[in-house]
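This report concerns only the one structure given below.
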Amino acid sequence: MLTASPSRRDLLYGLGMGLGTAALTAIGAEEQARAGVLSAKPGHLEAKAKRCIFLLMEGGPSHIDTFDPKPRLNDLHMTEFAKERTKFEASMNTGKRYFVRSPFDFHHAGKSGIEINSLFESFSNCADDVCFYRGLQAQSVNHPTALYHLNSGNRFGGDPAIGSWVSYGLGTENENLPSFVVLPDLAYPQGGAANWSNGFLPAYYQGTPLRSQGAPVLDMNPPAYVALEEQRANLDFLGALNSGHQQRHPEHDELAARIESYELAFRMQSEMPEAIDIDSEPEATKALYGIGGLNKDADAIGRRCLLARRLIERGVRFVQVIVGGWDSHDYIERAHGARIRAVDKPIGALLKDLKRTGLLDDTLVVCSGEFGRSPDNGIRGGDKAWGRDHNATAMACWLAGGGVRAGEIVGATDETGREAVEIAHPINDFHVTLLHLLGLDDSRLTYFAQGRNKQLSQTGGELIRELLA
C-alpha cells in the first residue's frame with residue numbers, strides 16, 4: 001500500500017528526533033495528561049501572596065501632589081528651576097522653567113500619621129494597611145516605553161507582561177476562568193494591548209481584557225438552539241482535527257494556544273457570567289465602591305475594582321485595573337483633583353473589602369504609574385495654570401497586603417521631589433520583589449527564547465527587602 005511521502009519540514013523535524021526532542025515529546029505528553037495547561041503549580045519560595053491586583057495609574061501621577069508632599073516648594077514657588085536643557089528643548093526655544101508648589105492640601109492619615117493629599121478621604125482610612133514606597137525610579141519619560149517597561153521589563157515592548165510571567169510560573173487557581181485578566185479604561189493605554197502581551201511565552205499566558213462598557217464579555221452564552229452536548233461534541237471534533245495537525249507541525253505553538261482558548265471559552269460559560277455579575281452585590285457594597293453615585297468616573301472605576309475583587313476571590317491569579325488621565329502638564333489642580341476624587345472611593349473600598357473578607361492577607365495590591373512628575377511647571381501655563389513634566393527619577397507607588405509592610409514609608413526623594421535619594425531602586429528590582437512576594441524567584445522563572453533564557457528583570461535584579469514585612 002502506497003503512503004504519502006513526508007513533507008520536507010516533517011523530514012527535517014524527524015532528523016532532529018534525538019534524545020532532546022524525545023524528552024520534549026515526553027514532557028508534552030505529560031502536560032497533555034494534566035487537567036489543563038494553566039493548572040496550578042508550586043512556586044519556588046514560600047509565598048506571602050497567592051494572587052495580585054495591579055492598579056495601573058496610566059499617565060504618570062505626581063508623587064509631589066499625592067503621597068510625597070514637598071513643603072520646600074512653597075518657598076521656591078515660581079523661582080527659576082535650574083535644569084540642563086536637552087538639544088530638543090534648546091532648538092524649540094522653550095524658555096525658562098520654574099519650581100511650582102503643590103496646589104493641594106495634605107493631612108495626616110491613620111494612626112501612622114502618613115501625609116497624603118486631603119482629597120483622599122476613603123483611602124485615608126486604609127493608610128495603616130499601606131506601604132508607601134518613595135524610592136522607585138523609571139528609565140524612560142516617554143509614555144509607551146515607560147508603560148512597556150513597568151508592565152514587561154522591556155522599554156521597547158514585545159516581552160511578556162508581569163501577569164503573563166505570574167501565570168506561567170504559578171498557573172491558575174480556577175481553570176474555568178482566565179489566569180490573567182485586564183480591566184482597561186474605555187480607551188486602551190498608550191502602547192495598546194502589548195502592555196498585557198504574552199511576548200515570547202506561549203499565547204495562552206497573555207492577558208484577557210474585559211470590556212469597560214456594556215457586557216464585559218460578549219457572546220458568553222451559546223444561542224438557545226445549541227445544546228451544551230452539541231457544543232461539546234463540536235469542540236471535541238475540532239480538537240481532534242487540530243491535535244492531528246499539531247502533531248504534524250509541533251513547531252507551531254500558536255495552535256496549542258488556540259486549542260486551549262477554545263476549551264477555556266467553553267469552561268468560562270459555567271463561571272464567568274456569575275463572576276462578572278456585580279449587580280448581584282449588596283447595594284451597600286456597590287455604594288462603598290462609588291457605584292451608582294453622582295461621580296460617573298468613580299462609578300466606572302468602582303465597577304472595575306469590584307470586578308477585580310470578584311475575580312481574584314474566584315481564583316484568577318493576576319488582575320490589572322487600568323485608570324488613565326494622569327498626564328497633567330497643565331491645570332494640575334483641576335486634572336489631578338478630578339482623578340483623585342474618581343479613584344478615592346473605589347480603591348479605598350477595594351482595600352476595605354479585601355480586609356473584611358480576609359483576602360488582603362494573601363493578596364498583593366500594587367498601585368503605580370509609569371513614572372512621576374517634576375517639581376517644575378514644564379513650561380506650560382501661567383501662575384494658576386501650571387502642571388508638571390514627566391520625571392523618571394522619582395515616582396509614586398504603594399503596596400498593600402500579601403507580605404508587605406503596613407502603615408510605613410519606605411525610601412525618600414530629595415527636598416523638591418526631583419529624585420529618589422534613599423532606598424532608591426530601578427523597576428527591575430521592583431519586579432523581582434513582586435515576584436518574590438508571590439513565591440517566584442526571578443532568576444529561576446525563565447523561558448528559553450531567542451537563543452537564551454529570558455526573565456522578567458531582563459538581566460537580574462535586587463530584592464527590595466525594606467518593603468517586606
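Out of the range 402-414, which residues are farther than 28 Å from Arg101 by Cβ and buried (at least 18 other Cβ atoms within 10 Å of the Cβ)? Reasoning before the result, please.
Going residue by residue through the range 402-414, those that are farther than 28 Å from Arg101 by Cβ are 402-406.
Correct list: Gly402, Gly403, Val404.
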*Some residue of the range 154-168 being under 16 Å from Asn428 (Cα atoms), without any contact (Cβ under 8 Å) to a residue 12 or more places away in the chain and surrounded by fewer than 19 Cβ atoms within 10 Å (Cβ to Cβ)*: yes
*Please work out if Trp398 is more than 20 Å from Glu313 (Cα to Cα), assigned by TED's automatic domain parsing to the domain that holds Val100, out of contact with any Ser or Thr (no Cβ under 9 Å at 6 or more places or on another chain) and not charged (D, E, K, R).*
no
*Checking Tyr148 against (1) within 23 Å of Asp414 (Cβ to Cβ); (2) buried (at least 21 other Cβ atoms within 10 Å of the Cβ), the condition it does not meet*: (1)
*Please give the number of the condition Tyr204 fails out of (1) under 19 Å from Leu456 (Cα atoms); (2) modelled with pLDDT of 95 or more; (3) not in a loop (DSSP other than H, G, I, E, B).*
(2)
*asked:* Scan the range 452-467 and tell me whether some residue there is assigned to a strand (DSSP E or B) and within 18 Å of Gly169 (Cβ to Cβ).
replied: yes
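Consider Lys355 carefully, then state whether it is over 30 Å from Thr79 (Cβ atoms), touching a residue at least 60 places away in the same chain (Cβ under 8 Å) and surrounded by fewer than 22 Cβ atoms within 10 Å (Cβ to Cβ). Give the steps one after another, and end with the answer.
On the way: over 30 Å from Thr79 (Cβ atoms): yes; touching a residue at least 60 places away in the same chain (Cβ under 8 Å): yes; surrounded by fewer than 22 Cβ atoms within 10 Å (Cβ to Cβ): yes.
Yes, satisfied.
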*asked:* Regarding the range 374-382, can at least one residue be identified that is small (Gly, Ala, Ser) and buried (at least 24 other Cβ atoms within 10 Å of the Cβ)?
replied: yes
*Within the range 415-445, tally of residues that are in a helix (DSSP H, G or I), touching a Ser or Thr at 6+ places or on another chain (Cβ under 7 Å) and surrounded by 22 or more Cβ atoms within 10 Å (Cβ to Cβ)*: 2
*Counted residues, the range 408-463 - those being in contact with an Asp or Glu (Cβ under 7 Å, 6 or more places away or on another chain), among the aliphatic types (A, V, I, L, M) and within 17 Å of Gly372 (Cβ to Cβ)*: 4
_If Phe448 satisfies all but one of (1) of a type in the set (Phe, Trp, Tyr); (2) out of contact with any Leu (no Cβ under 9 Å at 6 or more places or on another chain); (3) surrounded by 17 or more Cβ atoms within 10 Å (Cβ to Cβ), what's the number of the condition it fails?_
(3)
*For the range 276-311, how many residues meet the condition of being without any contact (Cβ under 8 Å) to a residue 24 or more places away in the chain, in a helix (DSSP H, G or I) and small (Gly, Ala, Ser)?*
3
*asked:* One residue is enough: does the range 385-396 have a residue meeting the conditions assigned to a loop (DSSP other than H, G, I, E, B) and without any contact (Cβ under 8 Å) to a residue 12 or more places away in the chain?
replied: no
*List the number of the failed condition for Gly315; all other conditions in (1) touching a Leu at 6+ places or on another chain (Cβ under 9 Å); (2) part of a loop (DSSP other than H, G, I, E, B); (3) surrounded by 21 or more Cβ atoms within 10 Å (Cβ to Cβ) hold.*
(3)
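Among the residues that make up the range 324-333, is at least one of them more than 29 Å from Tyr148 (Cβ to Cβ), part of a helix (DSSP H, G or I), in contact (Cβ under 8 Å) with a residue 40 or more places away in the chain and assigned by TED's automatic domain parsing to the domain that holds Thr208? It would help to see each step written out before you state the result.
Just the residues of the range 324-333 that are more than 29 Å from Tyr148 (Cβ to Cβ), to begin with: 333.
When the remaining residues are screened for being part of a helix (DSSP H, G or I), the result is 333.
Imposing the further condition that a residue be in contact (Cβ under 8 Å) with a residue 40 or more places away in the chain reduces the set to 333.
Narrowing further to those that are assigned by TED's automatic domain parsing to the domain that holds Thr208: 333.
Yes, there is a match, as at least one residue in the range 324-333 is more than 29 Å from Tyr148 (Cβ to Cβ), part of a helix (DSSP H, G or I), in contact (Cβ under 8 Å) with a residue 40 or more places away in the chain and assigned by TED's automatic domain parsing to the domain that holds Thr208.
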*Can you name every residue in the range 397-413 that is within 20 Å of the chain's Cα centre (by Cα) and either of a type in the set (S, T, N, Q) or in a strand (DSSP E or B) (or both)?*
Cys397, Trp398, Leu399, Ala400, Val404
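Output the residue which, of all residues in the range 36-48 that are surrounded by fewer than 24 Cβ atoms within 10 Å (Cβ to Cβ) and of a type in the set (A, V, I, L, M, F, W, C), is modelled with the lowest pLDDT.
In the first step, residues of the range 36-48 are kept if they are surrounded by fewer than 24 Cβ atoms within 10 Å (Cβ to Cβ); the result is 36-37, 39-48.
In the following step, the residues that additionally are of a type in the set (A, V, I, L, M, F, W, C) were identified as 37, 40, 45, 47.
Numbers: Val37: 77, Ala40: 93, Leu45: 96, Ala47: 95.
My answer is Val37.
The values are calculated or read from the model by the stated rules, or taken from the named source; none is laboratory data. As the structure is a prediction and not an experimental result, all values here were calculated from the model. In this analysis, Cβ positions are derived from the backbone assuming ideal geometry, glycine residues included, and neighbour counts consider all displayed protein chains.
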